[in-house]
Every structure is written in structure tokens, then in C-alpha cells.
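Enquirer: Got a structure for you, questions after.
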Amino acid sequence: MARADGVGAAPDTTDAPDATARVLARAAVNAMEAVGGYAAGVYLRSPTTGLLLMAVFTGLPLQLFRPWWRMQVYRPYPVAEAYRSGQAVHLPDAESAMSRFPQLMAGLPFPFGSLYEPVTAGTERFGVLVVLREATPGIPVGAADRERLRLAAERLAADLTAVMAAGGSVLWEGDPVGVPAPPPEAGAEGARRAADRLAQAMISLDREGRIGYVNTAAEELLGLDGPRLRGRLLWEALPWLGHSAYEDHFRAGFMSGEPVHFSARRGRHPPGQWLSVDLYPAADGVTLTLNTSAKPAYAPESRARRGPDAAVEAHADANTDTDPGMDTATGLDASADEASALYRPVALAIALTEAITARQVSAVVTEELLPAFGGRQLAIYLLDERHLHLAWETGFPQGFLNRFDGVSLDVRLPGVETLTTGRPMFFESMQHLAAAYPGIPLDADVGARAFLPLIASGRPVGSCILGFDAPRGFSPEERTVLTALAGLIAQALARARRYDSEVEVARGLQSALLPHRLPVREHVDTVGRYLPGTLGMDVGGDWYDVVETGSGLLALVIGDVQGHGVAAAATMGQLRSAVRAFALSGSTPEQVVSGTNRLLIDLDPGQFASCCYMLLDPASGAVTAARAGHPQPLLRHPDGRTEVLDLAGGVVIGIDPEASYPVTELRLTTGSVLALYTDGLVEKPGLDIDAGVERLRRALQAARPAPLTETADRLIGEAGDSADRPDDIALLLACRTGGDP
């Protein structure tokens with residue numbers, strides 16, 4: 001299996017689905033060549049909802065990109081956005097990437113260009129095709145390259161569709177597969193002799209980090225024969241270069257194309273020897289040189305020293321050049337993770353600014369904090385009325401943490417005491433934890449735990465528990481970083497709780513304002529549905545209503561207030577009340593919409609709304625309708641034929657006090673179904689709204705007309721199952737069941 005201790009880890013491909021992997025590998029290589037890239041890969045959906053996994057990668061060392069092997073679809077990364085929106089993302093240089101995706105550049109702060117093309121076939125979303133290439137500062141990605149990448153994604157989608165039709169899986173599980181380049185060439189004999197004359201140690205690498213040539217000076221310095229090294233990954237052959245402290249240097253060299261220089265400490269021959277490492281990248285490979293004369297910027301003297309070299313020293317002492325198969329975790333203790341712990345706080349901080357709800361904050365901590373420190377378990381408790389309530393958990397045995405849910409602040413537990421004292425608590429083994437808290441239930445016999453207080457601006461928010469599968473120490477650097485990150489997490493959670501409170505108020509307000517039941521009338525059935533948005537969006541201002549007028553007619557109304565939150569919900573309530581008042585007074589559709597328009601302008605809430613108002617005579621089926629910037633309703637005829645109506649209309653209400661709203665007349669025959677809806681039901685990011693309307697039309701046409709409740713559930717079901725619904729949805733159906741033909 002792949003190791004998690006740095007760039008020396010190798011991906012596990014033994015269980016890769018061969019047919020799918022071959023399709024993906026071919027697509028990645030073709031896309032890379034088509035647009036002049038130096039690396040490419042494919043992300044696919046995984047069996048876990050909302051999680052993309054890197055499936056294949058070629059052109060660069062796969063191990064350097066371990067932090068990005070997993071990608072949540074809601075994260076602010078270009079891969080996730082391309083998948084969510086269905087639209088390509090083109091980033092020609094670092095400046096454009098920084099302006100749109102600062103979190104990406106926090107982890108990869110190098111000048112490079114990148115292209116992301118969604119892989120879709122109809123409504124099927126497979127994943128994203130990614131190509132990395134040299135930056136073109138100030139020059140956008142050309143139309144020809146965009147088209148080439150789009151065609152490559154289309155071909156891949158067609159191939160994956162064929163795999164799926166043949167019974168193969170298009171979901172990815174496990175680690176990515178590295179697509180090897182042709183074996184590196186040793187070069188001409190003359191060039192080899194010239195390199196052997198150099199006193200400086202030199203190693204030639206291909207673009208994936210495999211050794212092609214080692215000169216005589218390098219063989220003597222390393223004490224290894226060239227043939228033993230040739231064809232191997234650098235970090236497998238020289239594991240002391242595989243420490244996570246050096247990952248960023250290698251990423252910079254392989255991605256930026258600029259020379260990179262750093263100091264590295266090798267194994268026990270001789271002990272503690274520091275080498276100057278220089279990388280000289282080019283399009284066809286990288287030249288690495290080693291020099292024994294360099295000294296590190298600072299020379300650590302113990303494991304407790306500042307900076308990543310303390311971790312490097314412990315790592316170097318545990319590994320040698322002559323035993324590349326040795327497990328690089330041996331003797332590392334906590335130090336193996338120190339560099340990555342210091343490397344990723346910036347990415348976590350940026351990610352926390354993007355998280356809105358408490359659940360999103362917890363998910364970000366899971367994705368960023370756990371991998372940075374090699375953790376496997378996470379629990380977050382939030383304080384409410386002097387009790388700690390479990391808000392998020394992952395990695396613990398099912399149900400284990402339930403016994404601690406709702407504990408009082410006077411209970412002696414580490415998760416409580418870390419909050420009441422404000423001090424983080426670190427236990428290097430489960431035995432240490434059990435000794436400090438006799439009788440405390442433990443979920444494992446082996447491991448380590450960190451308990452962090454979540455305090456924002458001096459106010460207690462909750463506590464965070466990090467769990468590790470093996471005993472480990474916590475260096476001063478790690479303790480400092482974890483404590484600081486706990487403060488960031490607490491601030492994000494405090495902000496999220498305020499947001500959640502506002503959403504709760506808005507949802508309560510909206511629930512009170514939406515109709516709890518619709519009137520029952522002879523000759524007509526009506527059904528309404530409402531779904532709030534997800535992904536942290538506030539409650540919106542969508543509403544529907546059915547009003548019995550004094551003249552025996554039935555008013556059908558649907559509307560959508562621009563914006564979200566308490567203000568939108570309040571405006572929705574005012575508009576619904578106004579429409580009901582106008583309808584009950586016997587006003588015509590034109591008068592209802594015009595009067596509501598003027599009222600909204602007089603209220604001046606700084607918002608506008610769309611609306612569709614239809615007045616139905618249940619006995620005759622006669623309908624008069626007025627529309628204000630709202631999507632056109634659908635009409636399903638008794639024979640199943642379904643059409644998009646063409647109602648005359650005016651501008652949205654709340655903009656122009658002199659706006660007029662012409663009336664359209666039509667007739668519903670017995671068995672007809674009328675569908676009014678808001679744009680959340682037909683709009684998807686990156687897709688034309690007309691395509692969404694057509695999809696809804698086909699669904700209504702295919703649905704059974706009765707019972708009407710099943711039809712409503714079917715129409716709204718697909719949207720309801722979506723985890724990334726950016727807007728709320730209202731749907732109102734009316735079916736004429738009798739009366740005049």
C-alpha cells in the first residue's frame with residue numbers, strides 16, 4: 001500500500017480496475033499532448049457522495065500531489081468547481097489562479113498554468129480532466145486549446161459510457177494510478193563521459209522523478225552503483241530525500257521550471273552530513289546535483305529545535321542510503337509529520353474562510369487538519385447551556401462517542417477540562433490518557449490523543465479531539481500550530497453558529513408564511529412543494545399560494561424574491577399577503593401584479609421579485625394569467641402532450657412603478673395539469689436554463705397525471721436528492737378533474 005510519510009511513498013495500483021484505468025490513462029496522455037502540457041490526470045467520482053478521487057496521473061511525480069488525491073466537491077478548488085458547475089476552468093498563470101482559487105495557490109505557490117474540463121455525458125457526471133502546463137502570464141488560454149481539451153473530455157466521456165454499458169465501474173476507489181513515461185535514456189556515450197569528469201555529483205531524472213543517469217561523483221558520494229539506481233524513483237532510491245520537509249522544493253522544481261536550491265540531511269554515511277541539493281528542470285527532465293560543501297541555514301541540536309530540520313534530523317538518523325527499502329516511518333515518532341503540520345495551516349485558514357455552516361467548518365477540518373498531522377479520528381463538541389454536544393465525528397467506532405454527548409462542564413473528562421481551563425492536552429499514548437483519567441472509556445488500546453480548546457475572542461465555543469492510530473509525541477512546533485489552528489477553528493465555528501441561527505430564524509419565518517394547506521375545491525386538485533437550498537445558502541424567498549376569491553375563482557400564484565436570508569423571507573411574506581389581499585378583493589390578474597409591484601416599490605426593501613399569477617375557473621377551465629419576469633409555466637394535456645406556455649409578461653416587480661403586465665387567456669380541459677415553478681427547479685450552474693425547462697417538461701410528460709402528489713414528488717425528487725442545490729425551489733401543480741369539457 002502507499003505510504004503516508006512523504007514523497008517517497010509509492011501508489012498502490014494492485015487493485016485498480018484495469019479497463020477503467022486504461023481508458024483514463026489514454027485520455028490523460030492524449031489531453032496532455034493535445035494542449036502542450038507537462039502533466040495530466042483524471043478525477044472520478046467515488047462511492048462516497050460528494051468526494052472526487054484522483055484516478056490517474058502522468059507527467060510528474062504522483063507522490064508530490066498526495067494532498068490533492070482527494071477532493072470534496074464543495075471545496076473552493078478548480079477541480080471541484082469544474083465538476084459542480086459543468087463548466088471548464090482555465091487558469092493561464094499564477095495571478096489568475098490566485099484571484100479565483102487562493103487556496104490552490106497556498107498549497108502550490110508556483111508559476112504554472114492549469115486547465116480543468118468536466119467529463120460529462122448527458123446528465124451523467126463522471127469527473128474532471130486536468131492538464132498542467134507552463135504558465136503564460138497575461139495571455140489567456142487560446143480557443144484552439146480549449147476546444148482540444150473539450151474534445152478530449154468528450155472522447156473520455158464516451159469511453160467511460162462504454163465501460164459502464166459493459167458492466168464496468170466508473171467510480172474510483174483507493175489510490176491513484178501513475179501512468180509511466182517511457183524509460184529514461186542514459187544519453188549518448190560522449191555526454192556520459194563528460195558528466196563523469198565532473199567533481200560534482202549529478203543525477204538525471206525524468207519528469208516523473210525516475211533516475212536515468214548517475215555520474216561517477218554521485219556514485220562515490222552516495223556509495224551506490226549507478227545500475228542499482230537507474231529506473232527507480234529518486235525517493236525510493238534515496239529515502240532521506242523523501243521527507244515531507246522537502247516536498248515543496250521538489251514541487252517548485254517540477255512545476256515552475258525555475259532552478260531550486262535547498263539543503264538536505266542524508267543518512268548515517270557519514271552521520272548527519274548535510275548536502276546542498278540543486279534542481280535544474282527542463283521540459284524533458286530534471287538535473288539534480290549534490291554538493292557536500294553546503295551548510296544548512298541553521299544547525300539543529302535536538303529534536304525539540306525550531307523548524308523542519310529537527311524532523312529531518314530524526315528522519316536521517318533512521319534511514320541510510322544503502323537500505324532504501326527501510327520503512328521511512330521507523331524512528332520518526334511525531335517528527336515525521338512536523339513539516340506537513342507546519343506546511344498546511346495556511347491552506348486550512350483559507351479553507352475556513354470559505355466554510356459557512358458548522359458542518360462545512362467540520363468537514364474542512366477533517367479534510368485539511370487530519371492529513372496534515374497524520375490523524376485518523378476527529379470529534380468536535382459545541383458548547384450550549386453549559387453542556388458539550390457532539391457536532392461532528394469521523395474515524396471513531398460507531399456509537400462510541402454518544403456516551404459523551406451532552407456532558408456537563410462539571411464532569412471530569414479531558415474534552416471538558418481542555419475547554420474550562422483553556423489549555424490544550426496531549427497524550428502520547430492511550431496508556432497515558434488512561435493513567436490521567438482512570439476509568440475513562442477508551443475506543444482503542446493503541447494510539448495517541450490531542451484535546452484542543454475551541455475559544456473565540458475569549459468566549460468558549462467547544463472542544464476538538466484529534467485521534468492517532470499509533471503512539472506518538474507532540475513536538476513544541478506541533479503543539480503551537482495545533483493550538484493556533486484551534487483558535488481559527490473556534491472563530492469559524494462561532495461565525496457558523498451565528499449564521500445557522502439566522503438560517504433557523506429565516507426558515508421558521510418562511511415556514512410560518514408558506515401555506516400549511518391548500519384549499520380543496522370541486523373540479524380541481526392542487527399540490528405545492530418547497531425545498532430550501534443547500535451548500536450553506538440562506539433560506540430564499542420562493543413562495544406559492546392558492547387563494548379562493550369571492551367570485552368563486554381560484555387564484556394560483558408563485559413567486560421568487562431576489563436574495564436569501566431573513567430579509568428575503570420577510571419580503572416574501574409581505575408580497576404573499578399583498579397578493580392575497582388583491583385576490584380577495586376581486587382584482588384582475590393585471591391589477592394584482594401591478595398593485596403588488598407598486599407596493600414593493602413603496603416598501604423599498606432593496607429587493608425585487610418575479611411572479612406568475614393565474615386566475616382559474618374550476619367549472620369551465622378558463623384561465624387568465626399575468627407574468628412578471630417569471631419562468632413560463634408548463635401545461636400537460638390529457639393525451640400526455642406537454643408544452644411550455646407562452647404567456648405575455650412584464651418586468652420583475654419592484655423595479656418600474658409604471659410597468660404594465662398584459663394578460664393571457666387559455667383554457668384547461670379536464671385531465672390537464674398546470675405546473676408553476678421557480679427557477680431553482682430548472683437552473684443548474686453551468687447549464688442553460690432552457691435545457692432545465694426542457695428536462696422538466698419531459699419529466700412532466702412522462703409522469704402519471706394522478707395522483708397529483710406523486711407527480712409533484714417525481715418532479716421535485718431529482719432536485720431534492722442533490723447535495724449541491726444552490727437555490728431554493730417552489731412548485732405548484734393544478735389538475736382539472738371535472739367540470740365543463
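The values are calculated or read from the model by the stated rules, or taken from the named source; none is laboratory data. Since the model is a prediction, treat every value here as computed from it, not as a measurement. We place every Cβ from the backbone using ideal geometry, glycine too, and count neighbours over all the protein chains shown. The area values use the complete protein model at the heavy-atom level, side chains included, leaving out ligands, DNA and RNA. Shrake-Rupley method; radii C 1.70, N 1.55, O 1.52, S 1.80 Å.
Enquirer: If we scan segment 167-177, do we find a residue that is farther than 18 Å from TYR77 by Cβ, open to solvent by 70 Å² or more (accessible area, probe 1.4 Å) and within 23 Å of the chain's Cα centre (by Cα)?
Expert: yes
Let's see how each residue does on (1) surrounded by fewer than 19 Cβ atoms within 10 Å (Cβ to Cβ); (2) under 29 Å from ASP713 (Cβ atoms); (3) at pLDDT 90 or above; (4) of a type outside the set (Phe, Trp, Tyr):
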| site | (1), (2), (3), (4) |
| --- | --- |
| GLY606 | yes, no, no, yes |
| PRO631 | no, yes, yes, yes |
| ASP639 | yes, yes, yes, yes |
| ASP656 | yes, no, no, yes |
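Enquirer: Now, a different point. Quick check on my filter: what residues within segment 367-390 are under 23 Å from the mean Cα position of the chain (by Cα), of a type in the set (A, V, I, L, M) and at pLDDT 85 or above?
Expert: The answer is LEU378, ALA379, ILE380.
Enquirer: Counting only residues that are modelled with pLDDT of 85 or more and under 23 Å from VAL682 (Cα atoms), which one in segment 509-529 is farthest from the chain's Cα centre (by Cα)?
Expert: Applying the filter and picking the extreme gives THR526.
Enquirer: LEU454: open to solvent by less than 60 Å² (accessible area, probe 1.4 Å) and modelled with pLDDT of 85 or more, yes or no?
Expert: yes
Enquirer: Let me ask something else about it. Return yes when ARG75 is among the charged types (D, E, K, R) and not in a helix (DSSP H, G or I) and no when it is not.
Expert: yes
Enquirer: Within segment 30-53, is even one residue open to solvent by 20 Å² or more (accessible area, probe 1.4 Å), out of contact with any strand residue (DSSP E or B) (no Cβ under 7 Å at 6 or more places or on another chain) and β-branched (Val, Ile, Thr)?
Expert: Scanning segment 30-53, I find at least one residue that is open to solvent by 20 Å² or more (accessible area, probe 1.4 Å), out of contact with any strand residue (DSSP E or B) (no Cβ under 7 Å at 6 or more places or on another chain) and β-branched (Val, Ile, Thr), so the answer is yes.
Enquirer: Being touching a helix residue (DSSP H, G or I) at 6+ places or on another chain (Cβ under 8 Å) and buried (at least 21 other Cβ atoms within 10 Å of the Cβ) narrows it down to one residue among GLY127, GLY107, GLY113; which is it?
Expert: Sole residue among the options that is touching a helix residue (DSSP H, G or I) at 6+ places or on another chain (Cβ under 8 Å) and buried (at least 21 other Cβ atoms within 10 Å of the Cβ): GLY127.
Enquirer: Filter segment 437-449 for residues that are open to solvent by 40 Å² or more (accessible area, probe 1.4 Å) and aliphatic (A, V, I, L, M); which is farthest from PHE396 (Cα to Cα)?
Expert: Among them, the one singled out is VAL446.
Enquirer: Turning to a different aspect of this structure: Given the conditions (1) open to solvent by less than 20 Å² (accessible area, probe 1.4 Å); (2) at positive phi, which single one is not true for GLY671?
Expert: Failed condition: (1).
Enquirer: Continuing with the same structure: When the residues of segment 250-297 are filtered to those that are touching a Lys or Arg at 6+ places or on another chain (Cβ under 8 Å) and farther than 26 Å from PRO92 by Cα, which remaining residue is modelled with the highest pLDDT?
Expert: Within segment 250-297, the match that is modelled with the highest pLDDT is LEU275.
For every residue, the table says whether it meets (1) among the basic types (Lys, Arg); (2) modelled with pLDDT of 90 or more.
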site	(1), (2)
LEU62	no, no
PHE65	no, no
ARG75	yes, no
PRO78	no, yes
ARG84	yes, no
HIS90	no, yes
SER96	no, no
PHE101	no, no
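Enquirer: Sort through GLY395, GLY415 and tell me the only one that's open to solvent by less than 20 Å² (accessible area, probe 1.4 Å), at pLDDT 85 or above and farther than 16 Å from GLN491 by Cα.
Expert: Details: GLY395 fails: open to solvent by less than 20 Å² (accessible area, probe 1.4 Å).
Result: GLY415 is the single residue among GLY395, GLY415 that is open to solvent by less than 20 Å² (accessible area, probe 1.4 Å), at pLDDT 85 or above and farther than 16 Å from GLN491 by Cα.
Enquirer: Give all pairs with beta carbons closer than 8 Å in which a residue from segment 717-741 that is open to solvent by less than 40 Å² (accessible area, probe 1.4 Å) meets a residue that is in a strand (DSSP E or B) and modelled with pLDDT under 70; count only pairs at least 6 apart in sequence or on separate chains.
Expert: Note: pairs meeting the criteria are ASP727/GLY540; ASP728/GLY540; ASP728/HIS564.
Enquirer: A follow-up question, please. Quick one: would you say THR58 is modelled with pLDDT under 90 and either within 22 Å of the chain's Cα centre (by Cα) or open to solvent by less than 30 Å² (accessible area, probe 1.4 Å) (or both)?
Expert: No, not satisfied.
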